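This report concerns only the one structure given below.
The values are calculated or read from the model by the stated rules, or taken from the named source; none is laboratory data. Being a predicted model, the structure only gives us computed values, none of them experimental. Every residue, glycine as well, gets a Cβ built from its backbone with ideal geometry; the counts of neighbours run over all protein chains shown. When the accessible area is computed, the model is the full protein with side chains, heavy atoms only, and any ligands, DNA or RNA have been set aside. Shrake-Rupley method; radii C 1.70, N 1.55, O 1.52, S 1.80 Å.
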Amino acid sequence: MEKLRICFVGTGSMGSAILHGLLASGYEKKLISATTKSEASSFKLRELGISALATDTSPDANQLLVADAQLIVLGVKPYQINQVLNQISEEVNREAVVISMAAGIELATISQSLPNHKNLVRTMPNTPALVGKGVTGLVGAASASKDAIEAASNLFRTVGEVVEVSESQINALSAISGSGPAWIMYIVEQWEKVAINQGFTAEQAATLVRSTLVGSAELLASSDEDPAVLRKNVTSPGGTTEKLIATLEEAELSKLFESSLEAAVKRAREIAASND
Ligand SMILES: NC(=O)c1ccc[n+]([C@@H]2O[C@H](COP(=O)([O-])OP(=O)(O)OC[C@H]3O[C@@H](n4cnc5c(N)ncnc54)[C@H](OP(=O)(O)O)[C@@H]3O)[C@@H](O)[C@H]2O)c1
């Protein structure tokens, strides 16, 4: 990836995940800066060897650090995006690529605060980025240059896969992969509970479930087969697995997946409307 100066504005769970991936890829530390609210968070970032400032102790931290950045990654909460954009709008270089990771915040909203900046990119990463296995949905503003979109894609490719989508798809993508780790962890929680209810210790339940999860994920990743085929491979007619899947189907699990996705998309629209 071309060596650009990158500034993370708001570096919590998601910003740190991308930052750690970037560092693991060997990106030069002196090209990275970051801001947080608290001094404690900034201190941890400085310990990684990058420059970091906190707005609690340096109220103009965001303005100071974005000024010479070529890539700016906005990692504050969605409700803070407008306030932070208004704060930095004068300092952001006209050619800089401004990347938002904020759920539900539309490119048009970002553009209202940065009317003279064309290289705006909206993304939806996920936390497996922390281990280099993330997936990021990405869409550039119509005004963004090809190079800008490429630079943003390259950044997120250091921590996993990138899928370019249209902006109309990003709320659904946000529910599917952005919130994806939460779906999986919730399933793991339920799965371990039923194992414990069967008399396994918590440690045994964790080994049984987590090893099965990781093993199945690796099997899926290394196979050319559809998940349905891999499932059928372990489902003997008239056997126990068949009964297990039939029970999930009778409970209409697929409808539950559909309605939880719709609820998340609805919430993303509400966030967008409240930030117009
Ligand atoms: N978490 C996810 O799985 C996920 C997935 C996709 C997208 N996102 C998006 O990523 C963004 C961040 O989410 P998150 O979960 O990473 O939140 P988070 O952990 O709360 O991180 C927010 C960061 O912003 C900092 N901050 C707060 N006010 C600030 C200010 N005025 N100036 C500079 N920094 C400020 C916080 O500082 P302190 O550390 O001092 O509190 C913290 O480092 C959100 O817009 C979210 O929609 C998150």
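I'd like the full set of residues that are in a helix (DSSP H, G or I), touching a residue at least 60 places away in the same chain (Cβ under 8 Å) and open to solvent by less than 10 Å² (accessible area, probe 1.4 Å), limited to the stretch 102-117. It would help to see each step written out before you state the result.
Quick first cut of the stretch 102-117, residues in a helix (DSSP H, G or I) only: 107-113.
Now restrict to residues that are touching a residue at least 60 places away in the same chain (Cβ under 8 Å): 107, 109.
Residue satisfying the conditions is T109 alone.
Going by the conditions given, is T212 in contact with a helix residue (DSSP H, G or I) (Cβ under 8 Å, 6 or more places away or on another chain) and not basic (K, R)? Walk me through how you get there before you give the answer.
On the way: in contact with a helix residue (DSSP H, G or I) (Cβ under 8 Å, 6 or more places away or on another chain): no; not basic (K, R): yes.
No: the conditions fail for T212.
Filtering the stretch 217-228 down to residues that are open to solvent by 60 Å² or more (accessible area, probe 1.4 Å) and in a helix (DSSP H, G or I), which residue is farthest from Q190 (Cα to Cα)?
Restricting to residues being open to solvent by 60 Å² or more (accessible area, probe 1.4 Å) and in a helix (DSSP H, G or I), the top hit is S222.
Can you find, within the stretch 84-101, the residue that is nearest to the ligand (Cβ to nearest atom) among those that are under 19 Å from N154 (Cα atoms) and buried (at least 21 other Cβ atoms within 10 Å of the Cβ)?
The selected residue is M101.
Every residue in the stretch 138-194 that is of a type in the set (V, I, T) and either under 18 Å from L107 (Cα atoms) or in contact with a helix residue (DSSP H, G or I) (Cβ under 8 Å, 6 or more places away or on another chain) (or both), please.
V139, I149, T158, V159, V162, V163, V165, I170, I176, I184, V188
Taking the conditions exactly as written (surrounded by 14 or more Cβ atoms within 10 Å (Cβ to Cβ) and not acidic (D, E)), does S166 satisfy them or not? Talk me through it step by step, then tell me what you get.
Values: surrounded by 14 or more Cβ atoms within 10 Å (Cβ to Cβ): no; not acidic (D, E): yes.
Considered against the rule, which asks whether it is surrounded by 14 or more Cβ atoms within 10 Å (Cβ to Cβ) and not acidic (D, E), S166 comes out as no.
Could you please find all residues in the stretch 45-63 being within 11 Å of the ligand (Cβ to nearest atom), outside any helix (DSSP H, G or I) and open to solvent by 10 Å² or more (accessible area, probe 1.4 Å)?
Of everything in the stretch 45-63, those that are within 11 Å of the ligand (Cβ to nearest atom), outside any helix (DSSP H, G or I) and open to solvent by 10 Å² or more (accessible area, probe 1.4 Å) turn out to be L53, T55, D56, T57, S58, P59, D60.
Looking only at the stretch 118-143, which residues are more than 16 Å from the ligand (Cβ to nearest atom) and either in a strand (DSSP E or B) or touching a strand residue (DSSP E or B) at 6+ places or on another chain (Cβ under 6 Å) (or both)?
N119, G140, A141
Could you say whether any residue in the stretch 193-214 is outside any helix (DSSP H, G or I), in contact (Cβ under 8 Å) with a residue 24 or more places away in the chain and open to solvent by less than 90 Å² (accessible area, probe 1.4 Å)?
So far as the stretch 193-214 goes, no, none of its residues is outside any helix (DSSP H, G or I), in contact (Cβ under 8 Å) with a residue 24 or more places away in the chain and open to solvent by less than 90 Å² (accessible area, probe 1.4 Å).
State all residues of the stretch 64-81 that are open to solvent by 10 Å² or more (accessible area, probe 1.4 Å), touching a helix residue (DSSP H, G or I) at 6+ places or on another chain (Cβ under 6 Å) and modelled with pLDDT of 95 or more; if no residue qualifies, say none.
Within the stretch 64-81, G75, V76 meet the criteria.
Being under 27 Å from the mean Cα position of the chain (by Cα) and loosely packed, with under 10 Cβ neighbours inside 10 Å is the filter here, so list the residues in the stretch 229-253 that pass it.
Of everything in the stretch 229-253, nothing turns out to be under 27 Å from the mean Cα position of the chain (by Cα) and loosely packed, with under 10 Cβ neighbours inside 10 Å.
Collect the residues in the stretch 1-19 that are away from the ligand (no atom under 11 Å from the Cβ) and under 19 Å from L53 (Cβ atoms), keeping them in residue-number order.
Passing the criteria: R5, I6.
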